[in-house]
Every structure is written in C-alpha cells, then in structure tokens.
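Here the structure is laid out as structure tokens; the discussion comes afterwards.
Just so it is clear, none of the values below were taken in a lab; they were calculated from the coordinates. From a predicted model like this one, the values you see are computed outputs, not experimental measurements. In this analysis, Cβ positions are derived from the backbone assuming ideal geometry, glycine residues included, and neighbour counts consider all displayed protein chains.
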Amino acid sequence: MANPNTPALPVPPGVPQRILVVEDLEDQRASLQELLQLSLGVEVDTAEDGAKGLEMLRARPYSLVITDLRMPKVSGMKLIETVQSEKIPATVIVTTGHGSIKDAVEAMRQGAHDFLTKPADPQHLILLVKRALRERGLQDEVTALRQQLQGRHAFQNVLSKSPRMHDVFELVGQIADTTSTVLIRGETGTGKEQVARAIHQASAAHRTGSFVAVNCGALNENLLESELFGHEKGSYTGADRKRVGRFELAHGGTLFLDEIGDVPMSMQIKLLRVLQERRFERVGGGEPIDIDVRVIAATHQDMEKLVKENKFREDLYYRLNVVRIDIPPLRDRPEDVPLLVAHFCQKFARPGQKPPVVSPEAMEVLLKCPWPGNVRQLENAIERACVTARDGTITPDKLPGDVGRKGDGKAHPFQVDLARSLPDQLAEMVAEFEKRYLRKAMKKTRGHVGKCAEISGLSRRSITDKIAQYGIDKGEFKKE
C-alpha cells in the first residue's frame, strides 16, 4: 500500500480522466462500471469496500470517486473524510440506498461534491458525472499551471513556456557574466523591464550593485541630465543640495534606460561619451566620476527608422545594440496565456480566498484575443475579472469588453479545440517545448547526459527518462 503521508497527485494534464466506483454489491458495481464506460468512454476501476478504495486512491490518481455510504471495513463517510484529510485531489459523489437526507447532508458537509439515491437514474447520473469531471479537470489544470509557475517555466521571475521566449532565457544566461550593453526591443506591455531585471538577477553572482531604472520618455532634457548624472549644489536655480545621479546609484549593477528612443539628440551625445569612456561629471561639477555599470536600454520604436530620419545617433545606436533581445508580442506566443492567467489569478485573489477558476469558455475568449496591449493588458483584464468573479469562477461576462473583440480574421497559430480538453492541449504544447529544449541542450553538450542535466537544472534520471519518452537518439549528437 502507498504511504498515506505521501501527497497524492492529480490526474496530470494530457492523461485521460479516470473514475473509481466503490460499492460493496457486486452487481451494482459492475452495472455502474459498464454504464460509465459505455456512456463516457473513460477508464473505470472498481473497489468492493472503502478500505480497498482508499488503497487504490493512494496508489494512482483518479478524477472522480463514486462511493456507497454504507460499506464494510471502511464506510463511504470515512472514505470522504480521509480524502479530505490526506488532500487526495479527487471529486467524490456518494450514493445511498436509504434516501437519508441526514446522511446526504453530512456527506456534503464532509466534502462530497453531490449525492444520488439508489437506484440512480442513468441519465441524471451521467449528467452529474460529466459536470463533476469538467470541474475536476479545471481544478487539475490550475494545479498543474501553478506547479509550472514554480518550475522550469519561471526564469528569474519571467513566466513563459514559449520556445521563442526560451531563446531569450538562453541568451540571458549566456550574457550573465559579462558587462555587455543590451538593447531590448518589443511592443508596449511585452515585459521589457521584466527581462531587464532577469538579466540583472542572472548576473547577481558577478555584479552585486543595484538595478536602477529610468523612464527616458517621461523627462525633459534638463531633468533627464540631472536624473542620470546628478548635480552639484548651486549648479542651477533650485539646486540647494548635491544630488547623486542614476549612473552612480547603479555602480556595480545595472542601469535600465527605458524608452531610449525618446532621448533628445543633445543628451544622446552625452550618453555616448559615458558609454565610451565609462566616466562622467555631475551637472555643475568638474571632477570625473568613474563607473562600472551595465547599461540595458529598451524601446518599442523602430530604431533603424529613427537613425535614417536623423532622430537618433547612429554611433549611439550601435553602442547600445551590442546584444539585442527581441521580445515577441503575446499574440505570437499564445501558449503563455494560460500560464500567465493562472499567475495573475493567484496574484489578484481576494485575501484569504482561493484564486478564482477560469471557465473553458472564458479561456477560449482569452486565447482568441489579439492582445494589442500584450501582457500588461492581460494582467489588467484578469485583475478586473478577479474583482468581479465573486462566485470563484471567471466566465466570459467577467472579462473587459475589449478582450472579447475578434482579431483580424487571420489564422491564429493556436486555437482551442472544443472537442478536446484544455489540459490535453496544454500538455501537448508543454511536451513539444520540452522536446525542443532537450534536443537543443543535447546538441550543445554533444549528447552528454550529465552536462545536459547541469545546464537544464534537471536530474540525470529526469533527462534519461525524457530522452526515452521523446525517442531522442543520443548518438546523433555525438557525431556532430
């Protein structure tokens, strides 16, 4: 028997849901099994009493348990109590041949999803089971997504399972121990500052200074100069004390220059000089100050176009564009939408309450939205939905009106297949991501399992299991 103290796992995404029937009467047990298998096409196991049922629940995951209340050895009520106390992720429906309202109420109080009196009407039973399986699937999906948030899909607090974003993560890791200047490009709301912070955090072992951010587009020329370089007391009217600039504050760390394309031309010359010489003077001062700063710039603008129009210095552009990182818009990485939704639901959940669940219909709307405002727009939409979803479920009517608008009519790279469950589709995307990632790591290490495990953060056993799972031939990488 499995250890009762070992936490049971939900049915993993991509694995068909499974039902357990716990009934001491053999004919009813067999009838229920046959009815469910023929009507729903799901796998149905049986147990002759509560003790056997608990043993099976601890040994393998089940989505739904249909149990009699009155049985030998372990009663249905005790089974429900144990499922709750051991946090076994299975929904329970109880049946009773006595029609006792008192027993049914107590079972519901203990945590049962619903109850049926014997003999159960087949149509009502199937309807009830379908509804329970659907709700359990949503709960298992949320659990799986939360596990992903804490696992490989979270890189330095940037959440993604997109292969394109994985390329960004890999590049961030490669430049972590350097001081190279970085230019991050992407539409508004894609998370450019988050990626900049990820670079800073990945460099923490080599650079112990602070992360300092400046929005260059929000300041005029004079304010920006003082903000970046600081000023001496009396350098201009109102300068009643010395001010330390952002370059100094970021010494030994990272200076993030957001909206670099909005910097005035005269300030561009001063920025170029600082990047070249790694020293500057405060406004009104004459003493050079040496700095050790990694500069990360970001913009949503077409920098090449600005250069051609003489709105941005070409030499400064190339000085900034040493390492370029392009952040894809959210519409080009729809596989990230469920992951981000789960994260934002958790972030904006009401204090002391569980995060709301997103209905399949609402998730379909979210996946079809073109997201012109990218991750920032999605975050705002989920925050609003969490506030209005007082019943714990986010339905389409809880989403902002602009989210429901249709896209441009072009074929979307990811569509919801209503004939298949969302967890199934998510599992396929995760598997494809893992396979691509593993092949890339194996190529980089020439098929060396130990080195592959080291750079991926997984154990050797996990790497070996996944190589077998995806049918990857280690030999092909050794020949390259």
Original post:
If you plug each phi of the range 314-324 into the Karplus form 6.51 cos²θ - 1.76 cosθ + 1.60 with θ = phi - 60°, what whole-Hz ³J(HN,Hα) values come out, in order, with x for Gly and Pro?
Top reply: 5, 5, 5, 4, 6, 5, 7, 8, 6, 10, 10
Original post:
Which of rounded, prolate, oblate describes the range 73-123, given a ≥ b ≥ c as roots of the alpha-carbon gyration tensor eigenvalues and a/c under 1.5 marking rounded, otherwise prolate only if a/b is larger than b/c?
Top reply: prolate
Subject >> Peptide ranges 267-274, 182-189 listed from the most packed, as the mean C-beta count within 10 angstrom indicates >> reply: 182-189, 267-274
**OP:** Collect residues whose amide H, placed 1.01 Å from N in the peptide plane, falls under 5 Å from the amide H of I325; neighbours closer than 5 in sequence don't count.
**Re:** L183, I184, R185
Original post:
Do any trypsin sites (Lys or Arg not before Pro) in the range 207-243 lie in a loop, going by DSSP, with at most 12 other beta-carbon atoms within 10 Å of their beta carbon, and if so which?
Top reply: K233, R241
Subject >> From phi via Karplus (6.51, -1.76, 1.60), per-residue ³J(HN,Hα) for the range 165-172 in Hz, x at Gly/Pro >> reply: 6, 5, 4, 5, 4, 5, 5, 4
**OP:** Could you work out the equivalent-ellipsoid semi-axes for the range 18-149, taking the square root of 5 times each eigenvalue of the Cα gyration tensor, largest first, in whole Å?
**Re:** 22, 17, 15
Subject >> Placed amide H near V357: partners under 5 Å, 5+ positions off or other chain >> reply: T393, I394
**OP:** Towards the positive end of the charge dipole of the range 324-382, with charges on Cβ (+1 Lys, Arg; -1 Asp, Glu), say which of V341, P329, W371 has the farthest Cα.
**Re:** V341
Original post:
From the residues G41, V83, P119, which one has its Cα farthest along the dipole of the range 18-149 in the positive direction, the dipole being from +1 and -1 charges on Cβ of Lys/Arg and Asp/Glu about the Cα centre?
Top reply: V83
**OP:** Largest first and to the nearest Å, give the Cα extent of the range 272-347 along each principal axis.
**Re:** 54, 34, 21
Subject >> Alpha carbon convex hull of the range 331-404, projected area averaged over orientations, nm² >> reply: 4.3 nm²
Original post:
What is the set of long-range amide H partners of V22 at a cut-off below 5 Å, with H atoms built 1.01 Å from backbone N?
Top reply: A47, I66, T67, D68
